[in-house]
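Novice: The structure that follows is given in the form of structure tokens.
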Amino acid sequence: MEFNPEFIEQLKKAKSLLFFTGAGISAESGISTFRGKDGLWNKLKPEELASFDAFMKNPDLVWEWYQYRKDIVESTEPNPGHFAIAELEKYYNVNVVTQNVDNLHARAGSTNIEELHGSIVRNFCMDCNAFYNHQEFEFKNKVPRCKKCNGLIRPDVVWFGESLRGNAFPNGEKSAKQCDICFVVGTSAIVYPAAYIPLTAKQYGAYVVEINIEPTEFSSQANLSLWGKSGEILPEILSLVISGKK
Ligand code: BJW
Ligand code: ZN
């Protein structure tokens, strides 16, 4: 890919990069996105699976769906897009603010990660908040129960209508306000409050680069859109950085 001179200049003078990522960055690892033609939600209704009401109505079904997705996540690997972001830590202060629950940024070696929508590899008891990882119980087509209080165990992800937990969002906002370049990678950017992150970066003066296979809600806000697969474009950006530093 030919990069434009303005982007090359921005990369040269930048000290701090923010990667705001969504399901598209993990597509090349074999994990389905939510929306779009092969998206998870073409076949399934989000409100019937990714909400508190859905879970309470049919916990076994929702649990089975997460168990299915967790098995895929655990049997796959980070792709060159995740690895390129991790490698860029050698050259910049890098923050990753992800909407993904798949743990692939951490597995690729990134160290500053905020998981806005939680993680599919963690679970907690809805009654006493005890944490469980997936290895701690055996799934038998039924939602597991807490060993301490017999409460229902749910995945530690953020469902529709739920607030984002802990400091993930404020920390993400802080990175957005401080970064020199914000990359918006593989997200439709329609889910809020997450989608405020790149808007905040722009508002605070960052140069914003979108990487996606197609235009999104965010495209009109981006300083630059790079069309293509993130697993191909991100390693090219890394090469550009490495060649510039030599
Ligand atoms: C590639 C590629 C390749 C493909 N390379 N690119 C109006 C009505 C109803 C609700 C709302 C409303 N307005 C706002 C709301 C609130 C709601 C919301 O935003 N809804 C909108 C959808 C309208 N938000 C919430 O409910 C949030 N909480 C909240 O607001 O709390 C306040 C509150 C408290 C109490 C009461 C009421 C409010 C919480 C949102 C939680 C979202 N959770 C999910 C599920 C997580 C768990 C799980 O995984 O099961 O998070 S939804 C789902 O969407 C998931 C994702 O993180 C998130 C974003 O999706 P993402 O990552 O952008 O994926 P896709 O599929 O949309 O896009 C993929 C992109 O990749 C595409 O653009 C492709 O082109 C691209 N791509 N291959 C590069 N190789
Ligand atoms: Zn409990």
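Novice: Scan region 72-94 residue by residue and report those that are more than 19 Å from the chain's Cα centre (by Cα) and not in a loop (DSSP other than H, G, I, E, B).
Specialist: So the first thing to find is which residues in region 72-94 are more than 19 Å from the chain's Cα centre (by Cα), and the list is 90-92.
Scanning region 72-94 gives a single hit, K90.
Novice: What are the residues in region 1-52 that are free of Cβ contacts under 8 Å to residues at least 24 places away in the same chain, of a type outside the set (A, V, I, L, M, F, W, C) and over 28 Å from N171 (Cα atoms), if any?
Specialist: E2, P5, K37, D38, G39, N42, K43, K45, E48
Novice: In region 140-157, is there at least one residue being within 29 Å of E28 (Cβ to Cβ), touching a residue at least 24 places away in the same chain (Cβ under 8 Å) and not in a strand (DSSP E or B)?
Specialist: no
Novice: So, in region 1-23, of the ones that are open to solvent by less than 20 Å² (accessible area, probe 1.4 Å) and assigned to a helix (DSSP H, G or I), which residue ends up farthest from ligand 2 (Cβ to nearest atom)?
Specialist: Looking at the filtered set, the residue picked out is F7.
Novice: So, in region 45-60, of the ones that are more than 10 Å from ligand 1 (Cβ to nearest atom) and at pLDDT below 90, which residue ends up farthest from V158 (Cα to Cα)?
Specialist: My answer is K45.
Novice: While we're on this one: May I ask you to say which residue of S163, S110 is in a loop (DSSP other than H, G, I, E, B), within 16 Å of ligand 1 (Cβ to nearest atom) and within 21 Å of the chain's Cα centre (by Cα)?
Specialist: Being in a loop (DSSP other than H, G, I, E, B), within 16 Å of ligand 1 (Cβ to nearest atom) and within 21 Å of the chain's Cα centre (by Cα) holds for just one of S163, S110, which is S163.
Novice: Only one of these conditions is not met by R35: (1) open to solvent by less than 20 Å² (accessible area, probe 1.4 Å); (2) more than 16 Å from W227 (Cα to Cα). Which number is it?
Specialist: Status for R35: all satisfied but (1).
Novice: Among the numbered conditions (1) out of contact with any Lys or Arg (no Cβ under 9 Å at 6 or more places or on another chain); (2) part of a helix (DSSP H, G or I); (3) modelled with pLDDT of 95 or more; (4) surrounded by 17 or more Cβ atoms within 10 Å (Cβ to Cβ), tell me where R69 comes up short.
Specialist: (3)
Novice: Considering only residues that are in contact with a strand residue (DSSP E or B) (Cβ under 9 Å, 6 or more places away or on another chain) and of a type in the set (F, W, Y), which ones fall in region 191-238?
Specialist: Y207, F218, W227, listed by residue number.
Novice: Give region 40-66 a look and list any residue that's surrounded by fewer than 13 Cβ atoms within 10 Å (Cβ to Cβ) and either among the hydrophobic types (A, V, I, L, M, F, W, C) or in contact with a strand residue (DSSP E or B) (Cβ under 6 Å, 6 or more places away or on another chain) (or both), or say none.
Specialist: Selection gives M56 alone.
Novice: Then there is this: Quick one: in region 85-107, of everything that is within 13 Å of ligand 1 (Cβ to nearest atom) and farther than 13 Å from F19 by Cβ, which residue is most open to solvent (accessible area, probe 1.4 Å)?
Specialist: Restricting to residues being within 13 Å of ligand 1 (Cβ to nearest atom) and farther than 13 Å from F19 by Cβ, the top hit is N103.
Novice: Go through the residues of region 235-243 one by one and say whether even a single one is modelled with pLDDT of 95 or more and within 18 Å of A23 (Cβ to Cβ).
Specialist: Within region 235-243, not a single residue is modelled with pLDDT of 95 or more and within 18 Å of A23 (Cβ to Cβ).
Novice: Among N141, N150, N123, which is open to solvent by 30 Å² or more (accessible area, probe 1.4 Å) and within 16 Å of ligand 2 (Cβ to nearest atom)?
Specialist: Being open to solvent by 30 Å² or more (accessible area, probe 1.4 Å) and within 16 Å of ligand 2 (Cβ to nearest atom) holds for just one of N141, N150, N123, which is N150.
Novice: Something else about it: Kindly indicate whether E74 is within 15 Å of ligand 1 (Cβ to nearest atom), over 30 Å from E89 (Cβ atoms) and not hydrophobic (A, V, I, L, M, F, W, C).
Specialist: Against the criterion (within 15 Å of ligand 1 (Cβ to nearest atom), over 30 Å from E89 (Cβ atoms) and not hydrophobic (A, V, I, L, M, F, W, C)), E74 does not qualify.
Novice: Among the numbered conditions (1) within 19 Å of D180 (Cβ to Cβ); (2) open to solvent by 50 Å² or more (accessible area, probe 1.4 Å), tell me where L224 comes up short.
Specialist: Of everything listed in (1) within 19 Å of D180 (Cβ to Cβ); (2) open to solvent by 50 Å² or more (accessible area, probe 1.4 Å), L224 misses just condition (2).
The values are calculated or read from the model by the stated rules, or taken from the named source; none is laboratory data. Remember, it's a predicted structure, so these values are computed and weren't measured experimentally. Note that we place each Cβ from the backbone using ideal geometry, even for glycine, and neighbour counts take in every protein chain shown. Just so you know, the surface numbers come from the protein's heavy atoms only, side chains and all, with ligands and any DNA or RNA stripped out. Shrake-Rupley method; radii C 1.70, N 1.55, O 1.52, S 1.80 Å.
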